[in-house]
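Asker: Provided herewith is a single structure, encoded as structure tokens, for subsequent inquiry.
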Amino acid sequence: MLISNAMPAAFSRLLFIVLVALAGWFGVSRLDFDVDPLSLLPQDLPGLQGTRLFRDLKRDQLIVAFQGEDAELLEVAAESLAEHLAARTDLVAAVRHKSLLQSDPEVIAEVIAWLWRNAPPEKVAALAAALAPEKLPALLENSREAAANSFDLQDATLTGYDPFGIARGVLAMFSSGGDAAMPADEFSSADGTLRLLFIKPPAGVLADYRTISAWLAKLRREVREIWRQGDPELAKIQIGFTGDPAFQAEIATGMEADMRQSISAVTLIVGFLFWLLHRRIVPLFWLLLAILCANLLTLGAAGAIYGSLNVMSMGFAAILTGLIEDFGVIGLHAASAHPRESYHEIRRRVLPGVTWSAVTIAAIFAALGLSQLPGVAQLGMLAALGVLIGAAVMLLGFLPLGMKPYVVHAAAGETPAPRLGLTLQKTFSWLLAALLLAATASIVLKGLPRADFGSSVLRPEQSEAFDVSEQIETQMIANDQTIPLLFLAASPDQLRQKLAEAGKLLIGTPHTLPTAVIPDANHQRTNAPALQKLAANEKVLQTALDTAGFTGTAFSLTQKVLAKWSSPLTSSVSPLTGLISTAPDGSMTAIGSFSPPGGIHDPLLAKLESIPGVHPAGWSYLRASLEPLLKREITRVCLPTAGIALVLFVLVFHGWRERLYAFGVLAASAWVLLGGMAAFDWTWNLMSIGAVPLCLGLGLDFTIHMMHTLREKGATAAHAASLGRSLAYCGLSTGLAFGSLAAGGNHGLISLGFITMTGVLTVLLASSFALPFLWFHGRSLPDRADAGT
């Protein structure tokens, strides 16, 4: 019975279109993008929680970086832009180009007064003793000599404005274990050739990445086209944007662009190659619609299971499109070879091969789900789920519609494959032999591909935010081994306890802990009388200063501090919000730092992280934690994949002859891939290692389809050549689909695209051309072991 009687055409078309529409709604309504690059890493990775906390403290800050050789020009430019943007209240909520301690004397006095209020009572008693009237002449004489003889300009200047040592004394307590100095300037590098400006966006801008992108585009235009326009001096300055808003905008819009580009490229490739193979428009239309439907259903499943799609797993669309189309093409091949069979008969004919192929590929992709890296695991699980969904869509949705043009009313007859197909078998077999020799020469001369398990694979190919951030990290951190320390506690007492525990471990190492800035109600009560008594001696201190010959400005800072002490404390919140912050629920976060003597791999880091609420942070520490994990990924992912492949290998292929040929296909493909990687200096990395299960799955997929045809009764080289032609379409479209990933914006996906494309095209040569050529030219091999076929 002809297919036209198997399923009403109008009903099947309507059902398929409705399915696509529902799939589109299902996918789009449930999916979101996770633009956080830290989501790609294991949540228990050492340093991850601290790095996230450190970043979250400045989540609402956009950083504008000024770079140039003229430090004075950069300072003037930062101040000029700050004034310009401060007037644009529609564009920025707040802008800062220098620290509060540098910009406002009142704030400096408030900070110094706060630190003394919360200092240990014995330190306050020592200060009161040092400022006794009878000791003032000697104290001021020492300050005068220190200012005159100091080789440190900053120290001499500070002494001139602080002759009584009130500010210097409390700042020395602040840097316990480190240099007795102010906290490092977060707005400028040491040489002044890099200066930063911090911008807080208006309310509502951070709602989603689209509003962030639109706001950032306006801000860039305001800075580069309006503020800097017409000033040749400002044109010498390099201006870059980074910070969490910039990262969100870049990553999310990049993901959207990569997905559009990938899906568009794959659709074009699939359509063009299908036209070359079949020269029919209607089946092509249904095929593209079926691919779209499978992708949307998988997106919907991703939204239902994961809730969001991360930057790595977005590559599943190109992978899935390249994988599932061959299920439909195999069905069309069967329909064209048996034109008088109904849809149900064709489906029964191709179901075993498609089922085994889909299960094999899905199982191998699912092995990626064992990865400790959430991005890789999600990519593998989505591809596995998508392959199963795609196989069902192709067999149940596409095949009954796509095979209709192949129905003929003539008697079915076996049509030999074109002579070109047999010629291609021989030609490509010799080509594979030549590639094997070339791969051997490449490996002998250059060795096997090396492994590069650094974290650079996680970053985009082109990213202003990443580039500027790395430049800031290089120039703003005087010691590359300095590690930020984040302290998280529910109360001030708990925070002080954690700092004390960390301080014991850090004895003898350069470190800075913000113990002095933590509010201490007991210290405040104990110190209040002594500090108020010092404030009452304001005239005595000023008279001593005048007698010693200091200028009037030398008493300005001290006078402001004394005024703060004379008034009762009105707030328990620290004015140093950059070092300590208090959440609405009362929990507190504090920032310290230290330089591990043993470098980034010092065991002291692990000891610190073992203290609850203490988190070493920073990308340098995160990278050091990540590298050994990436090396373990090989055994964690590849060994289970090999085990799954071995089990399926035994189940799918019958007899030693089939297994020998199938093993030969996989071994030859792997050797050529290794030789190609060695020749082009490609490396195994976090993402490119995923090419192993991809190529293994596709190698088994193509080999299963070819072996299924070869084991059929009466199979000839012509039949194999005809199937090889269809598989060539599948292999080319799949390989080029992976190649389209190389045009994306992520290092990992680019390497995955190049290496997988090479592997897939090699698998195509071996399974679709060399395998049948050797099969029919190896008839002299005994077949008794194949009796089960």
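Asker: If each residue of separation counts as 0.36 nm, what is the full-extension length gain between E538 and L38 once their alpha-carbon separation is subtracted?
Answerer: Answer, rounded to one decimal: 174.7 nm.
Asker: Past 32 Å, Cα to Cα: identify those pairs from K98/K560; K200/K504; K426/K446; K98/K607; K123/K504, in the order given.
Answerer: Distance filter (> 32 Å) returns K200/K504; K98/K607.
Asker: Direction-averaged shadow area of the convex hull around the Cα atoms of the range 513-571, nm²?
Answerer: Projected over every direction and averaged, the Cα hull of the range 513-571 covers 5.2 nm².
Asker: Determine Rg/Rh for the range 208-308; Rg is computed over alpha-carbon atoms and Rh is the Kirkwood hydrodynamic estimate from the same atoms. Could the numbers behind the result be given before it?
Answerer: Numbers: Rg = 21.5 Å, Rh = 17.6 Å.
When Rh is taken as the Kirkwood radius, the ratio is 1.22.
Asker: Run the quick spin-label model on A304 and A434: label points 7 Å from Cα toward the beta carbon, then report their separation in nm to one decimal.
Answerer: 5.1
Asker: Under a 5 Å amide H to amide H cut-off, with H placed in plane at 1.01 Å, what residues pair with L194 once short-range neighbours are removed?
Answerer: Close amide H contacts, sequence-distant or interchain: S189.
Asker: Right, next: Given a Förster distance of 22 angstrom, what is the FRET efficiency for T267 paired with L22, based on the Cβ-Cβ distance and rounded to 0.05?
Answerer: Calculated value: 0.60.
Asker: Shifting gears a bit: What number comes out for accessible area per residue over the range 607-707 if the probe is 1.4 Å? Units Å², please.
Answerer: 37
Asker: Multiplying the sequence separation of D452 and T526 by 0.36 nm and subtracting their Cα-Cα distance, what value in nm do you get?
Answerer: Details: separation 74, 0.36 × 74 = 26.64 nm, distance 5.87 nm.
The D452-T526 span can extend by a further 20.8 nm.
Asker: I324 accessible area, nearest 10 Å², 1.4 Å probe?
Answerer: Looks like 0 Å² after rounding.
Asker: Next question, about the same structure. Please report, as a whole percent, how much of the solvent-accessible surface of the range 584-623 comes from carbon and sulfur atoms (probe radius 1.4 Å).
Answerer: Percent of accessible area from carbon and sulfur atoms in the range 584-623: 61.
Asker: At 7 Å along the Cα-to-beta-carbon direction for both T551 and L505, put a label point, then send me their distance in nm to one decimal.
Answerer: It is 4.8 nm.
Asker: Sticking with this structure for a sec: What is the distance, in nm, between label points placed 7 Å from the Cα along the Cα-to-Cβ direction at F285 and at K607?
Answerer: 7.4
Asker: On to the next question. Separation of the range 346-377 and the range 623-694 by C-alpha centroid, Å?
Answerer: A separation of 15 Å, based on Cα centres.
Asker: Here's a follow-up. Need the full-extension length gain, T193 to E627, defined as separation in residues times 0.36 nm minus the C-alpha distance. One decimal, nm.
Answerer: Contour length minus Cα-Cα distance gives 153.0 nm.
Asker: Step through the residues of the range 698-703 one at a time and calculate ³J(HN,Hα) from phi using the Karplus curve (6.51 cos²θ - 1.76 cosθ + 1.60, θ = phi - 60°), rounding each to whole Hz and writing x for Gly and Pro.
Answerer: Couplings: 5, x, 5, 4, 5, 5 Hz.
Asker: Show me 555-565, 723-733 ranked by packing, highest mean number of other Cβ atoms within 10 Å first.
Answerer: Packing order, densest peptide first, comes out as 723-733, 555-565.
The values are calculated or read from the model by the stated rules, or taken from the named source; none is laboratory data. Note that this is a predicted model, so its numbers are computed, not measured. For neighbour counting, all protein chains shown are included, and Cβ atoms are generated from backbone atoms with ideal geometry for every residue, glycine included. We work out accessible area using only protein heavy atoms, side chains counted, and drop any ligands, DNA or RNA first. Shrake-Rupley method; radii C 1.70, N 1.55, O 1.52, S 1.80 Å.
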